[in-house]
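Okay, structure first, notes after.
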Amino acid sequence: MTSPTAFAADVLAGLSRELKALPCKYLYDEEGSRLFGDIMDLPEYYLTRSEVEILREKGGEIAEIIGPEQANIIEFGAGDGRKTKVLIAHLLDVPADFTYFPIDICGNAVEKLASGLEEEFGHVRVVGIVSEYLNGLEKISRPDSGRNVVLFLGSSIGNFSPREIVTFLSNLHQRLCDGDLLLTGFDLRKDIDVLVRAYNDRAGVTQEFNFNMLRRINRELGGTFDTRKFRYYSIWDAAEGAVRSFLVSLCAQRVDIEALKMSFDFDAWEPIHTESSYKFSERQVFALAETTGFESAGAFFDSRGYFMDSLWRVKKT
Ligand code: AVJ
């Protein structure tokens, strides 16, 4: 769980920078996780539907590769598990012998997911973990037997910069064993209008999702953010290959944060960077596997070629 002191320290660091920024992981408190659930239903937000299609149509193939031997299915950022449930249905068909470890920073989401799964599938073993990604992995006491199958769905990996991705995957590789599997969702590069619309929905849910991070600072740290004095703004950065999202201050203003006993000045039109969502080419994905010590065990696409679930196997020499 994110302690209020860690949140306070990260807000202080982020708002003290030349280009102000807030870590996107803080988007996901209870309210933010609910709003992200609404985002996944938006007509413009094609990512979730594309990946659900992949898991529905190709999940059988993926489940066969995972196989019937005992496995620990470990998911980073499980959220409401709507994509994972599709894969779990295929795993039960094999039938695979597994324990499911959903890891998420939102305690409420983990709780709901664990109880929801028992209702839907009955006999699935679920051990929910409230944590950040790699810390969560540490908390799983490694059983003597059983392969680890790590799920990193939804293109959450796209929140990392290219350098952070390499560090993250290398660290993950180090903690896994030879033959373990990793299934990662990558949102692919595509028509710029399609990309930009996904982050600029007409209903304004993505804007509320971003505003919620300011409201969270108000709620948890005694901040005085007035979201009416900010505008959500999101662009495609063609050089970076990322949708970059900001909250832009509409006027010169000062915001107090009680927990920090500090004030922060904003110039008119000064941005806070809230999130980057990197988009990938197939070539980049295969190169990433190669540089971080994995070998490809399968690549799965939706019918429009919008999204890719890439299955990698850990190679240890
Ligand atoms: C959950 C990180 C994959 O970047 O597309 C959705 C979050 N932000 N709309 C993404 C998000 C704005 C999402 N990820």
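The values are calculated or read from the model by the stated rules, or taken from the named source; none is laboratory data. It should be emphasised that the depicted structure is a prediction, and the values quoted were computed from it without experimental measurement. Here Cβ is always computed from backbone atoms with ideal geometry, including for glycine, and neighbour counts include all displayed protein chains. We work out accessible area using only protein heavy atoms, side chains counted, and drop any ligands, DNA or RNA first. Shrake-Rupley method; radii C 1.70, N 1.55, O 1.52, S 1.80 Å.
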Residue selected from region 205-219 under the condition of a type outside the set (A, V, I, L, M, F, W, C) and more than 12 Å from the ligand (Cβ to nearest atom), by the criterion most open to solvent (accessible area, probe 1.4 Å): Arg219
Matching residues in region 149-167 - criterion: being open to solvent by 10 Å² or more (accessible area, probe 1.4 Å) and either among the β-branched types (Val, Ile, Thr) or away from the ligand (no atom under 16 Å from the Cβ) (or both): Arg163, Val166, Thr167
Residues located in region 82-101, provided they are open to solvent by less than 10 Å² (accessible area, probe 1.4 Å) and either over 17 Å from Lys112 (Cα atoms) or at pLDDT below 95 (or both): Leu87, Leu91
Candidates Asn212, Asn218, filtered to the one that is under 20 Å from the mean Cα position of the chain (by Cα), polar (S, T, N, Q) and closer than 30 Å to Leu250 by Cα: Asn212
Selection from region 220-235 of residues that are among the aromatic types (Phe, Trp, Tyr) and either surrounded by fewer than 20 Cβ atoms within 10 Å (Cβ to Cβ) or touching a Pro at 6+ places or on another chain (Cβ under 8 Å) (or both): Tyr232, Tyr233
So Leu113, is it modelled with pLDDT of 95 or more and either open to solvent by 20 Å² or more (accessible area, probe 1.4 Å) or touching a Leu at 6+ places or on another chain (Cβ under 7 Å) (or both): no
Qualifying residue in region 28-35 (condition: among the aromatic types (Phe, Trp, Tyr), part of a strand (DSSP E or B) and crowded, with 18+ Cβ neighbours inside 10 Å): no
Tally of residues being over 19 Å from the mean Cα position of the chain (by Cα), open to solvent by less than 60 Å² (accessible area, probe 1.4 Å) and in contact (Cβ under 8 Å) with a residue 24 or more places away in the chain across region 285-299: 5
Inter-residue pairs, beta-carbon under 8 Å, first on the phi > 0 side of the Ramachandran plot and in region 228-246, second within 13 Å of the ligand (Cβ to nearest atom) and basic (Lys, Arg), 6+ apart: Gly241/Lys279
Residue count, region 168-196 (criterion: outside any loop (DSSP other than H, G, I, E, B) and surrounded by 17 or more Cβ atoms within 10 Å (Cβ to Cβ)): 13
Subset of region 36-64 that is of a type in the set (Asp, Glu) and not in a helix (DSSP H, G or I) - its residue that is farthest from the ligand (Cβ to nearest atom): Asp41
Set Arg202, Arg189: member being in contact (Cβ under 8 Å) with a residue 60 or more places away in the chain, out of contact with any Phe, Trp or Tyr (no Cβ under 8 Å at 6 or more places or on another chain) and more than 11 Å from the ligand (Cβ to nearest atom): Arg202
Residues satisfying the stated conditions in region 124-144, i.e. more than 16 Å from the chain's Cα centre (by Cα) and open to solvent by 60 Å² or more (accessible area, probe 1.4 Å): Arg125, Val127, Glu138, Lys139, Ser141, Arg142, Asp144
Test: residue in region 235-250 that is within 16 Å of the ligand (Cβ to nearest atom), within 22 Å of Arg163 (Cα to Cα) and outside any strand (DSSP E or B): yes
